[in-house]
Amino acid sequence: MDSEEVFERDVQSNYAASLKVSSTAPTRLSRPIQERLYRTSKLFCMGQFVESDESVEFLTTLSVLCCISVFAWSSKGPKGPTGFGAHVNVQAIHHGIRRHMTNPKTCVLQELTDAMAHTFTGIGPQHVHVHIVGGHQYTEKDENLRIQGGQPSMSWHVLGAVRAAGFTKINQKMLNVFPGGPLGPSPMCERRLVQDNQRFDVAALHLKTGCIVTHTDHSAESAVPTEMYQVNDKITWTVGNCPLRHVDDPTVYPVKWLLSLVACLCLWAVTDFIYSAGFFVLLVWKLEPSSFTNLSMRHWQT
């Protein structure tokens with residue numbers, strides 16, 4: 001057995017464990033998988049979707065807590081296996097619900113439906129396999145997510161968007177596997193869920209095999225490259241009540257920049273202009289817009 005066969009067996013072993021994951025039986029990425037994944041991945045973050053290309057081996061997302069990630073894969077692509085990933089946040093669903101109220105013919109997650117259909121153009125739906133990863137039982141039901149004729153649940157909207165794209169081979173064994181709990185009012189509430197292994201710290205699609213590999217053990221935070229978390233934090237900071245967007249979408253939503261400006265003006269009022277200007281410059285430098293961030297993890301390969 002050569003090294004590549006050993007690696008694929010390692011991937012399949014993690015996949016088998018991921019299908020049975022729970023807070024008391026967390027998954028862990030082996031060292032060989034970590035080294036390959038962090039070196040040959042294409043990263044997508046909260047509120048984003050991405051398709052595979054020939055230069056990457058994994059499609060990877062981080063910190064899937066109450067959000068739901070969608071991974072789709074087919075071995076029948078024109079140039080080999082084709083993959084797709086999306087990290088669906090509740091804000092994208094709220095945005096879609098408002099749009100659906102004015103145009104009931106559109107799907108709440110229309111961007112997800114369109115992107116999946118486009119990625120697998122020319123490939124029969126029977127050859128596309130979908131995995132749904134993430135979500136919490138505690139936050140699954142929400143009356144604010146109800147539309148006429150629908151269910152008040154996050155996963156209902158996600159599954160509906162996938163089926164609207166024509167795909168029915170959907171694996172839900174990693175959906176809402178954790179009980180979850182409140183995310184507030186203290187930041188410690190979220191931290192407690194992480195410490196209890198109720199978050200997919202890393203979830204990735206291995207493009208060669210179509211397997212999903214995950215790491216839910218809270219030790220992942222010490223293993224994931226710092227640069228990876230920095231990119232993830234910068235993109236997450238731009239997320240507002242807006243639709244899902246492609247990782248290469250240069251759109252920067254200005255609401256949070258406006259809030260930053262207001263914060264600077266308040267700081268100016270209680271200190272002086274020098275402190276306020278310095279604070280704003282630090283924000284712009286530290287939390288740069290997603291359009292200037294290279295999402296390919298080749299950026300930090302060494």
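The values are calculated or read from the model by the stated rules, or taken from the named source; none is laboratory data. Note that the structure is predicted; figures quoted are calculated from it, not measured. A quick note on method: Cβ atoms are made from the backbone with ideal geometry, for glycine too, and the neighbour counts reach across all protein chains shown.
Selection of the stretch 101-127 for residues being out of contact with any strand residue (DSSP E or B) (no Cβ under 6 Å at 6 or more places or on another chain), under 10 Å from Ser74 (Cα atoms) and assigned to a helix (DSSP H, G or I) yields Pro125, Gln126.
Inspection of the stretch 41-55 identifies at least one residue that is free of Cβ contacts under 8 Å to residues at least 40 places away in the same chain, surrounded by fewer than 16 Cβ atoms within 10 Å (Cβ to Cβ) and more than 19 Å from the chain's Cα centre (by Cα). Glu111: of a type in the set (Asp, Glu) and farther than 16 Å from Val162 by Cβ, yes or no? Answer is no for this residue. Here Phe7 passes the criteria (1) assigned to a helix (DSSP H, G or I); (2) in contact with a Cys (Cβ under 7 Å, 6 or more places away or on another chain) except the one numbered (2). Just a yes or no: is a residue in the stretch 214-226 farther than 25 Å from Asp142 by Cα, touching a strand residue (DSSP E or B) at 6+ places or on another chain (Cβ under 6 Å) and at pLDDT below 90? Checked the stretch 214-226: at least one residue is farther than 25 Å from Asp142 by Cα, touching a strand residue (DSSP E or B) at 6+ places or on another chain (Cβ under 6 Å) and at pLDDT below 90. Only residues that are within 20 Å of the chain's Cα centre (by Cα) and either touching a residue at least 12 places away in the same chain (Cβ under 8 Å) or in a loop (DSSP other than H, G, I, E, B) (or both) were counted in the stretch 183-194, giving 4. Looking only at residues of the stretch 184-208 that are within 19 Å of Val50 (Cβ to Cβ) and touching a Phe, Trp or Tyr at 6+ places or on another chain (Cβ under 8 Å), we find that the one that is surrounded by the fewest Cβ atoms within 10 Å (Cβ to Cβ) is Leu207.
Scanning the stretch 150-182 for residues that are at negative phi, in contact (Cβ under 8 Å) with a residue 40 or more places away in the chain and in a strand (DSSP E or B) yields a count of 8.
Residues that are surrounded by 16 or more Cβ atoms within 10 Å (Cβ to Cβ), within 24 Å of Ile170 (Cβ to Cβ) and hydroxyl-bearing (Ser, Thr, Tyr): does the stretch 4-14 have at least one? Scanning the stretch 4-14 turns up no residue that is surrounded by 16 or more Cβ atoms within 10 Å (Cβ to Cβ), within 24 Å of Ile170 (Cβ to Cβ) and hydroxyl-bearing (Ser, Thr, Tyr).
The lone criterion from (1) buried (at least 17 other Cβ atoms within 10 Å of the Cβ); (2) in contact (Cβ under 8 Å) with a residue 24 or more places away in the chain; (3) under 19 Å from Asn89 (Cα atoms); (4) of a type outside the set (A, V, I, L, M, F, W, C) left unmet by Tyr138 is number (1). For Val158, the test of being in contact with a strand residue (DSSP E or B) (Cβ under 7 Å, 6 or more places away or on another chain) and over 23 Å from Ser55 (Cα atoms) is passed. Of the set (1) assigned to a helix (DSSP H, G or I); (2) crowded, with 24+ Cβ neighbours inside 10 Å, all apply to Gly83 but (1). Say whether the condition of being at negative phi, touching an Asp or Glu at 6+ places or on another chain (Cβ under 6 Å) and not in a helix (DSSP H, G or I) is met by at least one residue in the stretch 128-149. No: zero hits.
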